[in-house]
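Okay, structure first, notes after.
The values are calculated or read from the model by the stated rules, or taken from the named source; none is laboratory data. Not measured: the values here are computed from a predicted model. Positions of Cβ are generated from backbone atoms using ideal geometry, with glycine treated the same way; all protein chains shown enter the neighbour counts.
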Amino acid sequence: MEEWLRDIFAWLPDGWRYSLLVGVVAYLESLPVLGLLVPGSTLILFAGFLALHDKGTIASIMAISTLGAILGDLSSYAIGARAGDVLLQSRLLRQRIELVRKAELFFAAHGGKSVLFARFVGPVRGIVPFIAGCARMRPAPLACYVLFSGVLWGLAYPGLGYLAGASWQRVELWSGRFSLLLVAVVAATVLGIWGRHAIARWRHGRQTKALQDGENSPKMPPSEPTAKDEP
């Protein structure tokens with residue numbers, strides 16, 4: 001084992017305390033404001049990497065990460081539902097008003113699906129469930145999205161660190177590719193929406209031009225009635 005790994009292992013707790021630490025990291029990243037301060041995805045990715053070197057088991061890391069993510073999203077929703085109006089006026093959130101607005105627009109555009117998408121978008125991960133609570137989204141569909149996204153995230157990030165665990169450089173490489181894949185999906189969605197709007201504007205412009213050309217074209221004078229021959 002490399003020396004730097006020994007140093008990390010010596011610093012980290014063992015047994016259930018280590019599992020609790022992993023769960024707390026996943027939980028805190030899912031909360032509004034705190035999620036911006038805790039690099040949870042990177043740490044969970046690294047926990048998967050450490051599992052390859054016998055620091056915990058990958059199964060336990062996945063399970064506790066999933067649980068922490070689900071409980072964090074549900075807590076964020078509950079905070080928004082119970083105290084969202086007050087917290088939106090707090091200094092902490094007013095200092096991040098642009099991020100809050102982005103989360104609101106994201107939720108308005110995608111509804112409940114935004115909770116699923118936001119789980120893989122770092123800056124709004126902890127804000128979108130909070131906004132869903134402020135908007136009084138129904139608990140049942142929210143719980144479905146939270147469960148699905150939490151399980152997917154809890155399996156993907158530790159698993160990615162474990163599979164790419166030959167060296168930390170490979171972990172960073174695979175993390176970058178995973179992020180690029182998500183960016184590509186989002187970019188394709190945005191381009192598709194922009195393309196539809198562009199085609200709609202082009203068609204509307206053609207129709208408007210055709211109507212204007214029809215109004216401006218010279219009109220034939222009405223023909224004189226033909227006089228009938230008198231007997």
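The rows are residues; the columns are (1) surrounded by 14 or more Cβ atoms within 10 Å (Cβ to Cβ); (2) over 16 Å from R119 (Cβ atoms); (3) within 21 Å of the chain's Cα centre (by Cα).
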residue: D7; (1), (2), (3): no, yes, no
residue: W11; (1), (2), (3): no, yes, no
residue: G15; (1), (2), (3): no, yes, no
residue: L21; (1), (2), (3): yes, yes, no
residue: G35; (1), (2), (3): yes, no, yes
residue: T42; (1), (2), (3): yes, no, yes
residue: I61; (1), (2), (3): yes, yes, no
residue: T66; (1), (2), (3): yes, no, yes
residue: D73; (1), (2), (3): yes, no, yes
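The residue of region 92-143 that is surrounded by the most Cβ atoms within 10 Å (Cβ to Cβ), among those that are modelled with pLDDT under 80 and of a type in the set (D, E, K, R), is R96. Going through region 69-91 one residue at a time, which ones are modelled with pLDDT of 85 or more and of a type in the set (S, T, Y)? Scanning region 69-91 gives S75, S76, Y77. Pairs are defined by a Cβ separation below 9 Å, a sequence spacing of at least 6 or placement on different chains, a first member in region 49-74 that is free of Cβ contacts under 8 Å to residues at least 12 places away in the same chain, and a second member that is not polar (S, T, N, Q); the pairs so defined are D54/M1; D54/F9; T57/A51; A59/A51. In region 27-35 there is at least one residue matching the filter, namely being at pLDDT 90 or above and either of a type outside the set (A, V, I, L, M) or within 26 Å of R136 (Cβ to Cβ) (or both).
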